[in-house]
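Asker: Could you have a look at this structure, given as structure tokens, before my questions?
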Amino acid sequence: MLKAADVMQTRVRTVSAEESLLELERFLLAENLSGAPVTDGGKLVGVVSRSDVLRQLIVERAESEYAADYELAWGMLGGEERDVERWITDTAAEQLAGLKVKDAMIHDVKTVSPDTPVEDVARLMIDKGIHRVIVTDGGELAGIVTSMDLVRLFADGKATIPA
């Protein structure tokens with residue numbers, strides 16, 4: 001039976017909770033990653049993905065639109081449609097400039113031990129709707145298993161679908 005240790009990546013790239021979302025995006029693109037574990041002082045504190053960043057962008061945009069509605073109601077923007085759109089865009093950009101990984105990350109990290117059966121890792125991903133599970137050993141970061149790692153098992157002929 002395959003275990004998490006058999007398929008996990010041990011060279012885990014982490015990001016700091018204090019890193020800006022812009023730095024995170026550059027890192028993920030440069031490393032061709034969709035997400036990463038988040039550390040603070042070497043301790044695992046979360047996990048962040050490009051989906052989490054997108055969710056945060058949507059929240060910031062919605063808050064800017066709400067603020068614009070308030071400003072319009074009080075006549076503070078002059079009322080021109082293009083001015084409102086520019087104000088929303090500028091406000092969202094200002095808010096994002098100050099956001100850090102800790103503002104977008106998921107705090108409830110799903111972890112498994114190295115001896116967790118791969119089937120249990122896959123089930124956790126399906127049940128929680130996640131694409132990466134952090135592997136810890138004695139509370140220390142040991143590796144990561146991604147959905148692509150599980151797909152690779154089938155592509156490499158190391159796993160089969162039971163009859």
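The values are calculated or read from the model by the stated rules, or taken from the named source; none is laboratory data. Everything numeric here is computed off the predicted structure, so don't read it as measured data. As a convention, Cβ positions derive from the backbone with ideal geometry for all residues, glycine included, and neighbour counts pool all protein chains shown.
Asker: Go through the stretch 1-55 residue by residue and tally those that are among the charged types (D, E, K, R) and modelled with pLDDT of 90 or more.
Answerer: 7
Yes or no, residue by residue, for (1) within 17 Å of residue 116 (Cβ to Cβ); (2) polar (S, T, N, Q); (3) touching a Leu at 6+ places or on another chain (Cβ under 8 Å); (4) without any contact (Cβ under 8 Å) to a residue 24 or more places away in the chain:
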{"site": "2", "(1), (2), (3), (4)": "yes, no, yes, no"}
{"site": "8", "(1), (2), (3), (4)": "yes, no, no, no"}
{"site": "15", "(1), (2), (3), (4)": "no, no, yes, no"}
{"site": "18", "(1), (2), (3), (4)": "no, no, no, no"}
{"site": "25", "(1), (2), (3), (4)": "no, no, no, no"}
{"site": "31", "(1), (2), (3), (4)": "no, no, no, yes"}
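Asker: Within the stretch 131-162, take every residue that is aliphatic (A, V, I, L, M) and without any contact (Cβ under 8 Å) to a residue 60 or more places away in the chain and give me the one that is farthest from residue 34 (Cα to Cα).
Answerer: Restricting attention to the stretch 131-162, the residues satisfying the condition of being aliphatic (A, V, I, L, M) are 133-135, 141-142, 144-145, 148, 150-151, 153, 155, 159, 161.
So of that shortlist, the ones also without any contact (Cβ under 8 Å) to a residue 60 or more places away in the chain come out as 148, 151, 155, 161.
On the way: 148: 11, 151: 16, 155: 20, 161: 27 Å.
Out of the qualifying residues, it is 161.
Quick grid of which residues meet (1) surrounded by 14 or more Cβ atoms within 10 Å (Cβ to Cβ); (2) of a type in the set (Asp, Glu); (3) modelled with pLDDT under 95; (4) within 22 Å of residue 53 (Cα to Cα):
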position	(1), (2), (3), (4)
79	no, no, yes, no
90	no, yes, yes, yes
98	no, no, yes, yes
112	yes, no, no, no
116	yes, no, no, no
123	no, no, no, no
144	yes, no, no, yes
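Asker: Could you run through the stretch 146-163 and say how many residues are within 12 Å of residue 7 (Cα to Cα) and either small (Gly, Ala, Ser) or surrounded by 16 or more Cβ atoms within 10 Å (Cβ to Cβ) (or both)?
Answerer: So the answer is 6.
Asker: Looking at residue 52 and the list (1) without any contact (Cβ under 8 Å) to a residue 40 or more places away in the chain; (2) under 12 Å from the mean Cα position of the chain (by Cα); (3) part of a helix (DSSP H, G or I), which single condition is not satisfied?
Answerer: (1)
Yes/no matrix, rows are residues, columns are (1) buried (at least 17 other Cβ atoms within 10 Å of the Cβ); (2) closer than 23 Å to residue 129 by Cα; (3) of a type in the set (Gly, Ala, Ser):
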residue	(1), (2), (3)
3	yes, yes, no
13	no, yes, no
18	no, no, no
25	no, yes, no
38	yes, yes, no
47	yes, yes, no
51	no, yes, yes
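Asker: Which condition from (1) under 16 Å from residue 99 (Cβ atoms); (2) out of contact with any Ser or Thr (no Cβ under 8 Å at 6 or more places or on another chain) is the one that residue 15 breaks?
Answerer: (2)
Asker: Hey, could you check the stretch 114-140 for residues that are in a loop (DSSP other than H, G, I, E, B) and touching a helix residue (DSSP H, G or I) at 6+ places or on another chain (Cβ under 6 Å) and say which is nearest to residue 150 (Cα to Cα)?
Answerer: Only one residue tops the list, namely 131.
Asker: So which residues in the stretch 125-142 are surrounded by fewer than 16 Cβ atoms within 10 Å (Cβ to Cβ) and in contact with a Lys or Arg (Cβ under 7 Å, 6 or more places away or on another chain)?
Answerer: 128
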